[in-house]
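Worksheet: one structure, shown below.
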Amino acid sequence: MHESAQLPLGHKPFYPLHEMAILLALRVGREGESMRTTIDKVRKRLLYAVGKGDLQTMGLANEYQLFYAAQTFAWARKKWPESFDDIPIKQDAVASDSLGVTDKVKTWVYPGTVDACHELLREAYDEIEILQAELASAELENARLQPLAERYIENREKNRRSARKPRKDA
C-alpha cells in the first residue's frame, strides 16, 4: 500500500512542476532564505525524486511534467515532516473483483454442402468489395473536407481574436 494525502475539495489533482515547487516552498522556506532560492531547491528535489522513482509524473520532461498533488504532498510529508504535519496521511486499500458471464447468439449458419459453402464465400467476397468501395469513398470525402475543416478552425480562431479587440467608434 502507498501512502496518500487527502486534498481538500476544490484543489486540482495535478500541478505543473513550477506550481508544485511554489506550493511546497511556501511551507519549507527557511528564515533568511529568499523565496526564489527555496523554490529552486524544492524544484530540484522534485526532479531528483522523479529521477529516483519516488514520484511519478504525467506529461513531458522537466517544465511540462504534471505532479499528482496527493502523492507529492505525501512524499513532502516524509521529506519535511515538521512542515507538513497538518496534512493527514491515510492508507487506502481498495479491492474488487468481478465475474462476467455473457451468452451470445450467432446467426451464422454453415452450409452442409461444398457448393453452398462456395456460394456463401462468393457472397462474403461481394460484401467485402462493396465495403471497400464505401471506405474508399469515405476516405476521399474526408480528404476533400479536411482542408475546409482546417480553414474553419483558423477562421474561428481569427474571429475569436478579433472579437476581443476593441471596436472602433464609427
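Coordinate-derived values only; no laboratory data. None of the values given here were measured: they were computed from a predicted structure. Ideal geometry is used to build each Cβ from the backbone, glycine not excepted, and the neighbour counts take in all protein chains shown.
Structure shown: which of Lys12/Lys41; Lys12/Lys52; Lys12/Lys168; Lys12/Lys78 lie over 30 Å apart, alpha-carbon to alpha-carbon?
Exceeds cut-off: Lys12/Lys168.
What residues of the range 37-53 lie in the reach of a label at Ser83, counting those whose backbone N is under 16 Å from a point 7 Å from the Cα along Cα→Cβ?
37-50
Would you mind ranking Trp80, Trp108 so that the residue whose beta carbon has the fewest other beta carbons within 10 Å leads the list?
Trp108, Trp80
Within a 10 angstrom radius of the beta carbon, how do Ile22, Ile39 rank from fewest other beta carbons to most?
Ile22, Ile39
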